[in-house]
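*Asks:* One structure, as structure tokens, below. Some questions next.
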Amino acid sequence: ASSGMAEAAGTVITGLLDGGHEAYFVGGCLRDELLGRPVHDMDLTTSALPEEVMALFPRCVPTGLAHGTVTVLQDGYSFEVTTYRTESGYADHRRPEHVFFVSDVKEDLRRRDFTINAMCSGMDGVLVDPFGGERDLQLRRIRCVGKAEERFGEDALRMLRCVRFASVLDFAIAKNTWRGLMRQRDKLAHIAVERVRAEVERIVEGPHPQRGLGLLLRSGLLPRGKAPFPWTGSDLAAAAARTAGLGDLQDARLRWALLLHALGSSAAAADELLRAWTFPGAARSSAAAVLRVREAWDAALSSARPEDPGATEGLRRRWIAAVLAHGQSAAEGWLTLLAAAEASAAPAISTGAVPAGQDVPAGPRAQLLRSWTAAMPLRSLAELAVTGHELAELLQKRPGPWLGVLLHKLLLAAAAGAIANDKQLLLQEAQRMDRDEQ
Ligand code: ATP
Ligand code: MG
């Protein structure tokens, strides 16, 4: 943790102690601190009741009073302060029906999911660790507090959290915990899709996505063969085997594009799937756009005839059209995947082959496509030296759909270098195109 955050949290704990209550750092922040991982937030647990917490700190938000959680704002940081509690009655396999405030911190630790998350420590730095969490950190394993089967039955989301922690931390899963998970795996169906997505997102975007996919596959948690999880176990197995480079991709959007591609998803299906998974619009459309570039390129390759002397030039034009249609960033994303596939012994994507014309240098295709992109003198209508208004005036026609079509033809010609991006030349070309139409 930043020392500022730890200091501010210390101020909150001291305030609670001075008020005559107990208070500790708890959960993920201790786990990450002990592992030497960055701590992104600090949760506190206290014997004080929510209203007592509110009375002690002028700046706080009653985040979840019924569950005993108050957010305290201190020195520019915010901390979730939760009253010691136990829970009971998980009729929906997700949320407890009853919450009871208790006076013993060990009772509070008992309700937590895994031993490595069920430790707390006070201002003296002494660890309160009734379930052997520190030892499990050393042994690098995820183990439930109490009976795994029961704990997963209470709250089915814990099963995905189990796989997520095992994947992100690269930990093993204790035998009994795994057995309990396998017995309860069908209960994941009770969990809202956005909660599932958030966990899978952290697995795919974390440091060991391959490990997480492998665990998801073996657990049988995800693939149910129906929306929004349309994959079978063998789809996932194939994808897990073919996406070896997944963890090397920095860009989360590319990880999703590669994974969905390896799962056999078309761009349209990927877009739909990410929507069904409640992905935010921007992340969804940029991942799908990468797959659209791939589809455009595949279509270009499959229609090219190598014996045709103009084949390479045709391909170059179609590549440029794809860059214009789907955007430079999507095109670059696709080239990153293509380059990785070309460097890999077991590529997740087919690298295709550009017809062997005399003018095509041998070598990686990603490099060739990159050089085609780099040589584009312009990339968008905004950079074109004529406007729609000027074209309508020159041709003395009312603006309409024809205008967009004409502008894009000119853009493609200029971007491919067939004509200079010069107003007079473009106007002449527009006139010629217009005459040819008639
Ligand atoms: P991270 O914030 O990195 O996801 P975390 O362990 O802090 O990890 P949170 O979701 O912030 O996870 O939860 C804080 C603590 O609350 C956990 O460390 C754990 O003790 C407890 N907890 C969270 N979710 C559950 C759950 N579903 N069942 C039982 N305990 C839970
Ligand atoms: Mg946390």
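All of the numbers you see were taken from the coordinates with simple rules; none came from a lab. Please read all numbers here as calculations on a predicted model, not as lab measurements. FYI the Cβ positions are ideal-geometry reconstructions off the backbone, even for glycines, and counts take in every protein chain you see.
*Asks:* Any idea which of 30, 35 is in contact (Cβ under 8 Å) with a residue 40 or more places away in the chain, closer than 29 Å to residue 195 by Cβ, surrounded by fewer than 18 Cβ atoms within 10 Å (Cβ to Cβ) and not acidic (Asp, Glu)?
*Replies:* Residue meeting the stated conditions: 35.
*Asks:* If you go through the stretch 6-20 one residue at a time, do you hit one that is outside any helix (DSSP H, G or I), more than 16 Å from ligand 2 (Cβ to nearest atom) and crowded, with 16+ Cβ neighbours inside 10 Å?
*Replies:* The answer is no, given that none of the residues of the stretch 6-20 is outside any helix (DSSP H, G or I), more than 16 Å from ligand 2 (Cβ to nearest atom) and crowded, with 16+ Cβ neighbours inside 10 Å.
*Asks:* For the stretch 138-153, which residues satisfy the criterion of being surrounded by fewer than 23 Cβ atoms within 10 Å (Cβ to Cβ) and either of a type in the set (D, E, K, R) or within 11 Å of ligand 1 (Cβ to nearest atom) (or both)?
*Replies:* Those that are surrounded by fewer than 23 Cβ atoms within 10 Å (Cβ to Cβ) and either of a type in the set (D, E, K, R) or within 11 Å of ligand 1 (Cβ to nearest atom) (or both): 140, 141, 145, 146, 147, 149, 150.
*Asks:* Let me ask something else about it. List the residue pairs whose Cβ atoms are under 6 Å apart, where the first residue sits in the stretch 107-125 and is more than 13 Å from ligand 2 (Cβ to nearest atom), the second is of a type in the set (Asp, Glu), and the two are 6 or more positions apart or on different chains.
*Replies:* As it stands, the answer is 111/87; 115/136; 119/129, since those pairs meet every condition given.
*Asks:* While we're on this one: Somewhere in the stretch 60-69, is a residue within 12 Å of ligand 2 (Cβ to nearest atom) and without any contact (Cβ under 8 Å) to a residue 40 or more places away in the chain?
*Replies:* Within the stretch 60-69, none of the residues are within 12 Å of ligand 2 (Cβ to nearest atom) and without any contact (Cβ under 8 Å) to a residue 40 or more places away in the chain.
*Asks:* Restricting the search to the stretch 380-417, which residues are without any contact (Cβ under 8 Å) to a residue 24 or more places away in the chain and of a type in the set (A, V, I, L, M)?
*Replies:* Once the filter is applied, which keeps residues that are without any contact (Cβ under 8 Å) to a residue 24 or more places away in the chain and of a type in the set (A, V, I, L, M), the stretch 380-417 yields 382, 392, 403, 405, 413.
*Asks:* Moving to a separate point now. Inspect the stretch 293-312 for any residue being within 21 Å of residue 209 (Cα to Cα) and surrounded by 15 or more Cβ atoms within 10 Å (Cβ to Cβ) and give the result as yes or no.
*Replies:* Looking through the stretch 293-312, none of the residues is within 21 Å of residue 209 (Cα to Cα) and surrounded by 15 or more Cβ atoms within 10 Å (Cβ to Cβ).
*Asks:* Checking residue 66 against (1) touching an Asp or Glu at 6+ places or on another chain (Cβ under 7 Å); (2) more than 15 Å from ligand 1 (Cβ to nearest atom), which test does it fail?
*Replies:* It fails just one condition, (1).
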